[in-house]
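Here is the structure we will look at, set down as structure tokens.
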Amino acid sequence: MADAEPIAPKRSDLPVRAASAVVMLAVAGLALWRGGLVLDGFVALVGLVVFGEYVRLVARIAPNPAKMSAAVLTGAIYVGWAAFALMVMPVGLMIGILGLVICTDTGAYFTGRALGGPKIAPSISPSKTWAGLAGGMAAAGIWTALATLLGGYLVSAIGPTGPSLGEALRITNVGFAALAGAGLAVVAQAGDFYESWLKRRAGVKDSSRLIPGHGGLFDRVDGLLPVAIVVGTLWAMGA
């Protein structure tokens, strides 16, 4: 009887994920740096790809053409509204919500891994815990508070007394900003759960295989979409 062949150890996809992340950050950073039509075109292109991935998911779910049409229309409104909000808001605000979503995901990941505990909705997203949500909210709140304070500090720099941390604290409401950031973290996680629910129903792990090690663009911006809608709409209303 021949000896059994040794099983090759499973290779880590961390190098591929890291390389893909660097490329994504470089492309997004270049678009933000150029601004204007370049940034708008980049957001529009990402929105079109995300919408295509959304349609791919619902095509595996919808049982008939009528429900497929309704799902496609819903996706067009959802993705289109978020993309339009990103295109019309100031670049500084866009950077702020990008940082908020990144902080939410990072805080939730590390807190959830460290503390574990009860799952939020194991049938939809088995890895997400209440502890992770709390960590994401805390990280987002800290980010928003610091970003608001930095904005106040830059505004104080154009005043007669020059840049002043005390003046920045006086003209901003850091506490409210922290609470708003924590609330938006919940919105971001809701977007994540929505996409997870779609993938679960469609029976797929990722929205596509576009990005090596990361899946599709929808997988990367699922939390950003609802945050962009909420923040962009409030900004347009002057809130």
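Determine the pairs where a residue that is closer than 16 Å to L225 by Cβ and among the charged types (D, E, K, R), located within the range 183-212, has a partner that is open to solvent by 30 Å² or more (accessible area, probe 1.4 Å) and outside any helix (DSSP H, G or I) with Cβ atoms under 8 Å apart, the partner being 6 or more residues away or on another chain.
What qualifies is D192/K128; K199/K205; K199/D206.
Identify all residues within the range 100-121 that are open to solvent by 60 Å² or more (accessible area, probe 1.4 Å) and either small (G, A, S) or not in a helix (DSSP H, G or I) (or both); write none if there are none. Walk me through it before giving the result.
Step one: list which residues in the range 100-121 are open to solvent by 60 Å² or more (accessible area, probe 1.4 Å), which gives 102, 105-106, 109-110, 113-115, 118-119.
Correct list: A114, P118, K119.
List every residue pair whose Cβ atoms lie under 7 Å apart, where the two residues are 6 or more positions apart in sequence or sit on different chains, the first residue falls within the range 31-59 and is under 15 Å from G215 (Cα atoms), and the second residue, located anywhere, is part of a helix (DSSP H, G or I) and of a type in the set (F, W, Y).
V50/F218; E53/F218; Y54/F218
For I97, are the conditions met, namely being open to solvent by 20 Å² or more (accessible area, probe 1.4 Å), outside any loop (DSSP other than H, G, I, E, B) and of a type in the set (V, I, T)?
No, not satisfied.
Which ones in the range 23-33 are open to solvent by 50 Å² or more (accessible area, probe 1.4 Å) and closer than 16 Å to L98 by Cβ?
Those that are open to solvent by 50 Å² or more (accessible area, probe 1.4 Å) and closer than 16 Å to L98 by Cβ: M24, L25, A26, V27, L30, W33.
Which of the helices (runs of 4 or more DSSP H) found entirely inside the range 122-227 contain at least 3 residues meeting this: on the phi < 0 side of the Ramachandran plot and open to solvent by less than 30 Å² (accessible area, probe 1.4 Å)?
Result: 130-156, 174-202, 217-221.
G47: part of a helix (DSSP H, G or I) and modelled with pLDDT of 95 or more, yes or no?
Numbers: part of a helix (DSSP H, G or I): yes; modelled with pLDDT of 95 or more: yes.
Here the answer is yes, as G47 does meet what is asked.
Consider the range 47-80. How many of its residues are within 17 Å of G216 (Cα to Cα), open to solvent by 30 Å² or more (accessible area, probe 1.4 Å) and β-branched (V, I, T)?
Matching residues across the range 47-80 total 2.
All but one of (1) open to solvent by less than 50 Å² (accessible area, probe 1.4 Å); (2) outside any helix (DSSP H, G or I) hold for A83, so report the exception by its number.
(2)
From the list G80, G117, G75, G107, which residue is in contact (Cβ under 8 Å) with a residue 24 or more places away in the chain and under 26 Å from A178 (Cα atoms)?
Exactly one of G80, G117, G75, G107 is in contact (Cβ under 8 Å) with a residue 24 or more places away in the chain and under 26 Å from A178 (Cα atoms), namely G107.
The values are calculated or read from the model by the stated rules, or taken from the named source; none is laboratory data. Quantities reported herein were computed from a predicted structural model and do not represent experimental measurements. All Cβ positions, even for glycine, are placed from backbone atoms using ideal geometry, and neighbour counts span all protein chains on display. In case anyone asks, the SASA skips ligands and DNA or RNA and just uses the protein heavy atoms, side chains included. Shrake-Rupley method; radii C 1.70, N 1.55, O 1.52, S 1.80 Å.
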